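Engineer: A single structure is presented below for examination.
Taken together, the values in this text are just the output of simple stated rules run on the coordinates, not laboratory data. Given the structure is predicted, the values throughout are model-derived calculations rather than measurements.
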Amino acid sequence: MLGVWLRHCGAGPKTKPSSVQAAERIDRRMRTFFGTLKKKNSAGRWQTRFFEIRGPYWVYFKNAESNTMLCAMDLRTASAPTLLEPGEGETARCQFSIHWDRYRVFRAATEDETVRWVNAILQAQTNAANAAAIHNAPEAAMALTGPPTPSLRHLSRAGKAEAATTAAAAASAASPTADSARAIEQGSKKRCACCTIM
């Protein structure tokens, strides 16, 4: 009975936000950037937290040893980070802001570290946008990567031989010929057929 009353009053188990659930599914070893920052809480006080970028999520924990994710900001829906002017009595630009569910301010130990964090967040946002574009427009992805390589399994013997000959011709066109390689070894001033080596 007490458990029902506690849950009714908000003291029971809480459901994790969907962004935290999604970020927790990404292996922690896949993080691309991590370290300690200070974040300004809603009361205007600084709290030290351990941050990680995991895929499109920027997450934080109470400290580096903690496994309890306190927040996961979806960088796909967040603003780009903005470097802030030095605070009162400061000379270095060690603060930056980002707007996700609300305006948030963070502080690194040095200006260089601040710039590294801003660049890492921007890179994660770019990677997430590119992944979404490729997922949503496969034809655009094909323009970037070329058409898929056809499987040789379905070709007849003659087709396999023709495909192998074509592949061999393409490979030999991409590599220097024996004559040009010999000329390079002998110190000749002849220009290689496939590159700019003299």
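Engineer: Residue by residue, what Karplus-based ³J(HN,Hα) values in Hz, rounded to whole numbers, does segment 25-31 have, using 6.51, -1.76 and 1.60 with θ = phi - 60° and x for Gly and Pro?
Structural biologist: Residue by residue, segment 25-31 yields 6, 8, 4, 4, 6, 8, 5 Hz.
Engineer: Give the long-range amide H neighbours of LEU84: residues separated by 5 or more places, or on another chain, with amide H under 5 Å away, using H modelled in the peptide plane at 1.01 Å from N.
Structural biologist: Here GLN95, PHE96, SER97 satisfy the definition.
Engineer: Then there's this: Return the Cα extents of segment 16-142 along principal axes one, two and three, sorted largest first, each rounded to a whole Å.
Structural biologist: Principal extents (Cα only, largest first): 54, 29, 25 Å.
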